[in-house]
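To start, the structure itself, in structure tokens.
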Amino acid sequence: MATLDKRSPNQQILPLTAKTNSNDHLEIGGCDVVELLQQYGSPLYILDEVSLRGACQQYRDAFKTHYQGESQVIYASKAWNCLAICAIVASEGLGIDVVSGGELFTAIKAGVNPELLYLHGNNKSESELEYAIACGCIIIIDNWLELKTASNLAESLGKCPRIMLRITPGIECHTHEYIQTGHLDSKFGFDPTEVESVFAFLSNQTALNCIGVHAHIGSQIFELQPHQDLGAVMIKWFKIAGKYGLNLTELNIGGGLGISYTESDDPPSITEWVKTVSNSVMAACEAEGLPLPKLISEPGRSLIGTACVTAYTIGGGKTVPQGRTYVTIDGGMSDNPRPITYQSQYLAMVANHMSAEADQVITIAGKHCESGDILIKDIKLPKTTAGDILVVPATGAYNYSMASNYNRIPKLAAVLVDSGEANLILKRETYEDLIRQDILPHKLR
Ligand code: LLP
């Protein structure tokens, strides 16, 4: 394992180990990106183990330094859930936030201790709840129906699962409206006006063991103030729980720290974020005269976002007279749906000519049958020709996890790189994989 780097990975656009090698090629984790594509095919997700482990360690160490109580970092695996990633973060001592039976199944199959798994979701099915109760993971209850279903299931299974309550804190933050979750008009969690009646319900039953409360205010957040405010709001809920004889011990402040996708992005470091939430919770506890709870945080993007790049091969293109020059790549919105969904901005580089001068403005188009399938508009890059390798950084979070098979394009392979060694962690889909679930009824044969 390569040595650790003190830089906060979420503030770097490229993985921590990225450099230009003597062939003028981009190298990540000691592996030449051009050679990786020759070996594993194109396009390819390339995940840097040092960046991912480094981010896990920075979160863990910062809580140890800045929070005087117990703490636990859990990885929001919706950012990228697969066996290898679950295994890596678990080996760093992190728990895992899962949001469906499928994510739970993957984490269990990766060997993660169920005691450190937290099941989220605003409409968990009965079978998902039953699965979680049977595994012994913690369930974050989102609404009344779920509270009652979980209580009935626990009783009939003769178990007493640990639960937390998700409550909407009424805190707004500046991020894309699709990824804001803390404002009152949100589909997630109990409204704060319901807190007393939920605690009253819990105090009258024995099937569920309520250990704490949860809130998540949104994602890709650059300000510290909303998280600073969150501590005080949540500690008030602890106080109210006490009135109902409930002894809450865990406080989960969610995730949300942003990352740098381009040079104009300026997120706080992991340490600054941890220090802010820690101070806010400690100050609120002091003000309310309460003991420090176990402080849980659940970052996703800031753990894995900048640890990964996507490498593509450049194909054809066109120059519109008096218009744009389009350069096309062999992927697009099916492996990175974020530009078309959130108008997200990305950088790019030509991985086989790293020091060539950027002397043209081009638009990088994907290969899907959709005009909006544009990865990057108007970026300054060196002259490219077909066969050149284009690398788009900061594609670790919510890219593979939101990838689709639009136009029946197989999903990409992913390799984990470290110290000059590459290991496949996701196989490239084949055409056979694409029709695996198809059925041709007899009458059509
Ligand atoms: N906890 C909860 C309850 C969440 O809903 C989320 C993200 C997280 C933690 C992790 O947040 P993070 O640290 O990654 O910001 N697909 C969107 C992002 C959706 C975020 C969903 N929830 C995107 O590509 O930007």
Selected residue (criterion: nearest to the ligand (Cβ to nearest atom)) from residues of the range 309-326 that are in contact (Cβ under 8 Å) with a residue 60 or more places away in the chain and among the β-branched types (Val, Ile, Thr)
Thr310
So, in the range 269-303, exactly how many residues are hydroxyl-bearing (Ser, Thr, Tyr) and within 14 Å of the ligand (Cβ to nearest atom)?
2
How about the range 193-288: which helices (runs of 4 or more DSSP H) wholly inside it have at least 3 residues that are over 30 Å from Glu130 (Cα atoms)?
225-243, 270-288
Can you run down the residue pairs with Cβ atoms below 6 Å, 6 or more apart or on separate chains, where the first is in the range 59-83 and crowded, with 23+ Cβ neighbours inside 10 Å and the partner is of a type in the set (Asp, Glu) and part of a helix (DSSP H, G or I)?
Ser77/Glu103; Asn81/Glu103
Identify, from the list Glu92, Glu128, Glu103, the residue that is in the same structural domain as Gly255 (by TED's automatic domain parsing) and not aliphatic (A, V, I, L, M).
Glu128
Residue check, Asp48 against (1) away from the ligand (no atom under 16 Å from the Cβ); (2) in contact with a strand residue (DSSP E or B) (Cβ under 9 Å, 6 or more places away or on another chain); (3) without any contact (Cβ under 8 Å) to a residue 40 or more places away in the chain; (4) not small (Gly, Ala, Ser), all met but one. Which one?
(3)
Failed condition for Ile88, given (1) free of Cβ contacts under 8 Å to residues at least 24 places away in the same chain; (2) crowded, with 18+ Cβ neighbours inside 10 Å; (3) under 24 Å from Gly420 (Cα atoms), with all others met?
(1)
Where a residue in the range 114-141 is more than 21 Å from Val195 (Cα to Cα) and its partner, wherever it lies, is buried (at least 24 other Cβ atoms within 10 Å of the Cβ) and basic (Lys, Arg), with Cβ under 8 Å and at least six apart
Ala132/Lys124
Restrict the check to the range 330-344 and report whether at least one residue is in a loop (DSSP other than H, G, I, E, B) and either of a type in the set (Val, Ile, Thr) or on the phi > 0 side of the Ramachandran plot (or both).
yes
Going by the conditions given, is Leu26 in contact with a Pro (Cβ under 9 Å, 6 or more places away or on another chain), of a type outside the set (S, T, N, Q) and at pLDDT 95 or above?
no
Exactly one of Ile379, Ile425 is touching a residue at least 24 places away in the same chain (Cβ under 8 Å), within 25 Å of Ser51 (Cβ to Cβ) and either under 25 Å from the mean Cα position of the chain (by Cα) or surrounded by fewer than 18 Cβ atoms within 10 Å (Cβ to Cβ) (or both), and that one is Ile425
Scanning the range 224-268 for residues that are among the charged types (D, E, K, R) and over 20 Å from Asp185 (Cβ atoms), the one nearest to the ligand (Cβ to nearest atom) turns out to be Asp265
What's the number of the only condition in (1) surrounded by 18 or more Cβ atoms within 10 Å (Cβ to Cβ); (2) away from the ligand (no atom under 16 Å from the Cβ); (3) aliphatic (A, V, I, L, M) that Met333 fails to meet?
(2)
Taking the range 289-316 as the region of interest, how many residues are in a loop (DSSP other than H, G, I, E, B), small (Gly, Ala, Ser) and buried (at least 18 other Cβ atoms within 10 Å of the Cβ)?
1
Return only the number of the condition from (1) aromatic (Phe, Trp, Tyr); (2) away from the ligand (no atom under 16 Å from the Cβ); (3) touching a helix residue (DSSP H, G or I) at 6+ places or on another chain (Cβ under 6 Å) that Tyr75 does not satisfy.
(2)
Would you say Met234 is of a type in the set (A, V, I, L, M), under 21 Å from Gly102 (Cα atoms) and either surrounded by 22 or more Cβ atoms within 10 Å (Cβ to Cβ) or in contact with a His (Cβ under 9 Å, 6 or more places away or on another chain) (or both)?
no
Within the range 151-162, can one find any residue that is within 15 Å of the ligand (Cβ to nearest atom), of a type outside the set (Lys, Arg) and in contact (Cβ under 8 Å) with a residue 24 or more places away in the chain?
no
The conditions are (1) crowded, with 22+ Cβ neighbours inside 10 Å; (2) within 24 Å of the chain's Cα centre (by Cα); (3) not in a loop (DSSP other than H, G, I, E, B), and Leu36 fails exactly one of them. Which is it?
(2)
Options Thr306, Thr341: the member that is within 14 Å of the ligand (Cβ to nearest atom), out of contact with any strand residue (DSSP E or B) (no Cβ under 9 Å at 6 or more places or on another chain), among the β-branched types (Val, Ile, Thr) and modelled with pLDDT of 95 or more
Thr341
Breaking point among (1) away from the ligand (no atom under 15 Å from the Cβ); (2) at pLDDT 95 or above; (3) closer than 18 Å to Leu246 by Cα, for Pro192
(2)
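The values are calculated or read from the model by the stated rules, or taken from the named source; none is laboratory data. Keep in mind that this is a model prediction, so the values were computed, not measured. Positions of Cβ are generated from backbone atoms using ideal geometry, with glycine treated the same way; all protein chains shown enter the neighbour counts.
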